[in-house]
Every structure is written in structure tokens, then in C-alpha cells.
Amino acid sequence: MPDDHVHLNLFTMNAVEHVTVGSWRYPGDQSARYTDREYWTEVARTAERGGFDGVFFADVRGIYDVYGDDRDPAIERAVQTPSNDPAYLVPAMAEATDHLGFAVTKSTSYNHPYQLAREFSTLDHVTDGRVAFNVVTSYLESAAANLGVGDRMDHDERYDRAEEFMDVCYALWEDSWDDDAVVRDRDSGRYSNPEKVRAIDHDGEHFRVPGPHGCEPSPQRTPVVYQAGSSDRGRAFAAKNAEAVFVSQPTPEKVEAYVADLRERAAAHGRDPDELAFFPGIVPIVAPTEALAEAKAESYRDAVDVEGVLTLLSGFVDVDLSELDPDQRIEHIETDAIQGTVNAFAGGESDWTVREMAEFAGLGTTSPVVVGTPEQVADEIEYWYRDVGVDGFNVKEVARPETLTDFVDLVVPELRDRDLLRETYEADTLRGNLFGRDRLSDTHPAKQDG
Ligand SMILES: Cc1cc2nc3c(=O)[nH]c(=O)nc-3n(C[C@H](O)[C@H](O)[C@H](O)COP(=O)(O)O)c2cc1C
């Protein structure tokens, strides 16, 4: 990373509930306003006031129907359903801000790369280069059924498709149109120079895309690539493709090992390993005094909907947790869904019971919950940043928008006093603010292949 400060994303979802199920009923909570554009433009303004790099939108296809083999708990408890498409919020939020970035989650299993490349080029144009693509392969069986593709592909096959999907997108974004292809010459009537616009002629196992790309080059060309895989195959994918990686590991030691592993794998692809940025989640619960912060955490915990949490986790790990004894230890299992969630709670000496996992996961699933004064929360952030070696954090919401407003009003000034957070933005594009350059690094495989 080029600069010495912590990078921040707000980790949210265009839905009632994201990762703290039950919080919508917390007094004063505004989660149910997720359908209201003004809720989101206000979130954007607050995040930009706090120097955040971006708002990161998670998104899923399908419904969490693994728990009890039933979709009703997910519907009743708003477990990531209902939800709306996040991409459509981005233009409104971009209009309300000047520098904030927007990471949009899209699935490589249920989209076509030619279409998706166009959508992201459009978003990159309308945001003046402030968009990121969180690449996911989708883990819910019910998505496959609804999208008419039969059974969900198995875990590694989904990643194989994702690799080819990204190759097509990179070719469209990076190689199809030269920077000087658009000439806009009124006298000759020539808008673009066809000699500088190339077909990509992709003919692969999953996709046939002759090209060329239908969009002219956008400020970043390729949106910033975010990824969160943590299985072996997921790590291989992230090491090759991701610029920013979401870390989902429960202890500092596991985070350190994960970061080292990913950097080593990235170097094996000819990438500069220091160009990868790592973002663990954090669940900050902050108040002016320790006693007030503890009281706030207690009232948040009271609002947690345990059955809803188990509904969410059952979908994450593709195991019906209603069938397990609450005191049963979580054995290591191979799942076709999110292997990383299993790895966070199972294996080695630290196996958790189902009950312990549900209690811990109630506030933000797998991320550390930090309760305290602004100084204490800033201490924790400084520790992870300086000693563990992460580049920033995904700030996970408990109450909305209270988690964000508390963080910006209380923790951000403390981080700025310590020179740990920007006072003003360095660049105009999201990649510029994250990495000090508008376009992909030359060592990224998209550039090497091109
Ligand atoms: C922090 C984090 C956030 C994620 N966000 C999403 C998401 O918004 N949508 C989605 O479909 N998958 C999401 N995932 C799932 C991953 O993209 C990936 O599909 C999953 O982790 C399976 O890969 P793995 O087994 O290598 O971990 C997320 C995973 C993590 C750890």
C-alpha cells in the first residue's frame, strides 16, 4: 500500500438484515428503510465524512432455506430476504458524494461476463471511477434453482468458471479499446477509430465472446477487484485476481497466516505481493465511556435473533444446524458453500460448539466485536493495522445507521488524532485512494496476459 493509513469500508447490504440478524427491532434502528434512497445517500455522506474508502455491498441470490429445510424462518426473520439489487443505489450515492467508492457484489455463476463487463463500465463512468467488483461464486442451492440452471455447481467448478469469467472481463476492459480509440472528430464525423478497437475472440470452456467491448474505456477500466474466498481454491483465485481481499479469520494468528499465504501465492503469479490489501471485518461498539459501551453491547445482544443467526449460518456452511445438539462441537466438514466460515469455527484445538458459534456470530458473524471507548476501539484498530499487518477494515454494522454514525463521530476523530486516517482524500478514483493509481497494476495477470 502506498500510504500509511488505515483504509475503511462500510460493510452493508441492500436488505433489512445483513450479518446481525434481529437488529432491525433494536429501538431506533433504521434497517427497514433500506428501500428508501435518502437513507442510502445519508449513509454515503456519513461514510465520506469519516474518510471511508468505500461502501461495500454484499449480495446473495437465493434464500436461506437450509435451516430446518425450510424457507419460512428466513422470510419471517428477514435473513437477507427481502433484499434489493445494490448496483442501482450506486448512482444516487455517488451523486451525494465526491470521493467515496462503491463495491458491488456480483456472482460469476449467474451472470454472463459480456453483460457484467458492460454494467461495471457503466457504473465506473457514472461514478467517475469509484466502483469495485466483489467477485463471488454464490453458495445457495436455491439460487441455482431459481435461475434455471439445475443443480448448483460444485465449489471448485464454480471457481473454474470464475477464472474464465474474469479472463473475459479483463480482455473486454483492458484490451479491447485503446485509450485513444475515441477521437470525437466532428469535421470527419469520426467518433471512434475502429483500428483502435479490437475483438477479444474468447473461445473457452464456459464462454464464447468475440467482442469487442461495447463501452469506451472508463476511468479505472477494470473496477477494483475485491474477493473473499478462503478455501484452498478460493485463495488461489484471490491470489491471482484480487486487489483487495476480505479476511474472515477469527484470531490475529489466523489472519497473519492467511495474509502471508495469499502474498506468497500472489508472488507465484508474478504479482507484487505488497499490492494486495487485506480487510478483516470489525464490529465496533463504541460510546464515550466503557460503561456506556458495555450497556450498548448488552442491548444489542438482547436484540439478536438466535434462530435467525442459525438460519444464516446454516446457509453459509450448507449444514442444517437445527439437526445438531447445541452442545455438539463443530467438526471439520467439507462444504460446497462457504468453506471459510467452517474453517473459522472448526479444526485444531479451537472447535466451537453450535451454541458458542451462534452466540459469537450473533453480532456480525465471524468478526471480532470490539466494545469500548473511542480510545479503546482505536487501540484495537491500531494493533491490527501495525502489529497484525492488515491494511484496513470492513466495518460491520450492528445497528443502522448507529454503528456508522458512532464510528464516524467518536472513533474517526481519535484515528485522525493518531495520524491513522486520512483528513482528505488523496485521489479521485477508488483505486487511486486505495493504491495510488487509477488503473490496474502492471503486475496484475490481466495486464500480463493482455
Ligand atoms: C467477508 C465475506 C463476505 C462475503 N460476501 C459475500 C456476498 O456478499 N455474496 C456472496 O454470494 N458471497 C459472499 N461471500 C462468500 C465468498 O465470496 C465465497 O463464495 C465463499 O467464501 C466461498 O468460497 P470459500 O469456500 O473459498 O470461502 C463472502 C465471504 C466472506 C468471507
T35-D69 pseudo-label distance in nm [points 7 Å out on the Cα-to-Cβ vector]: 3.3 nm
How large is the convex hull of the Cα atoms of the chain per residue, expressed in Å³ as a whole number? 140 Å³
Given H placed 1.01 Å from N in the peptide plane, which residues other than close sequence neighbours of L8 have an amide H under 5 Å from its amide H? D53, G54, F393
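Once you order the gyration tensor axes a ≥ b ≥ c over the Cα atoms, which shape class does segment 340-450 get: rounded for a/c under 1.5, otherwise prolate or oblate by comparing a/b with b/c?
Verdict is oblate for segment 340-450.
Which of the helices in the chain, when you take each full DSSP H run, stretch at least 27 Å along the axis at their Cα atoms and have an average Kyte-Doolittle score of 1.0 or higher?
none
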With springs connecting C-alpha atoms under 10 Å apart, model the chain as a Gaussian network and identify which of V259, V60, V209 has the largest mean-square fluctuation. V209
Considering every Cα-Cα pair within segment 397-450, what fraction, in whole percent, is farther apart than 16 Å? 63 percent
If unit charges are put on Cβ atoms (+1 for Lys and Arg, -1 for Asp and Glu) and the dipole of the chain is taken about its Cα centre, the option from N241, G214, Y26 lying farthest towards the positive end turns out to be G214
Among T251, S441, Q227 - extreme Cα towards positive end, dipole of the chain, charges at beta-carbon: S441
Using alpha carbon centers only, segment 12-50 is separated from segment 404-450 by a whole-angstrom value of 23 Å
About its Cα centre, what dipole magnitude does the chain give when the only charges are +1 on Lys and Arg Cβ and -1 on Asp and Glu Cβ, stated in debye to the nearest 20? 1140 debye
Amide H neighbours of G22 under 5 Å, at least 5 residues apart or on other chains, H built in the peptide plane: list them. D305
Among A260, M357, L140, flag the residue with its Cα farthest along the positive direction of the charge dipole of the chain, charges on Cβ as +1 for Lys/Arg and -1 for Asp/Glu. L140
Between Y425 and V126, the FRET efficiency computed from the C-beta separation at R0 = 25 Å comes out, to the nearest 0.05, as 0.85
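Roughly how many debye, to the nearest 20, is the charge dipole of segment 1-53 about its Cα centre, given +1 on each Lys and Arg Cβ, -1 on each Asp and Glu Cβ, and no other charges? Can you show the working numbers first?
Numbers: 5 positive and 9 negative charges, 53 e Å.
The dipole magnitude comes to about 260 debye.
Where a number appears in this text, it was derived from the coordinates with a stated rule and is not lab data. Given the structure is predicted, the values throughout are model-derived calculations rather than measurements. Cβ sites come from the backbone with ideal geometry, for glycine too, and all protein chains shown count toward neighbours.
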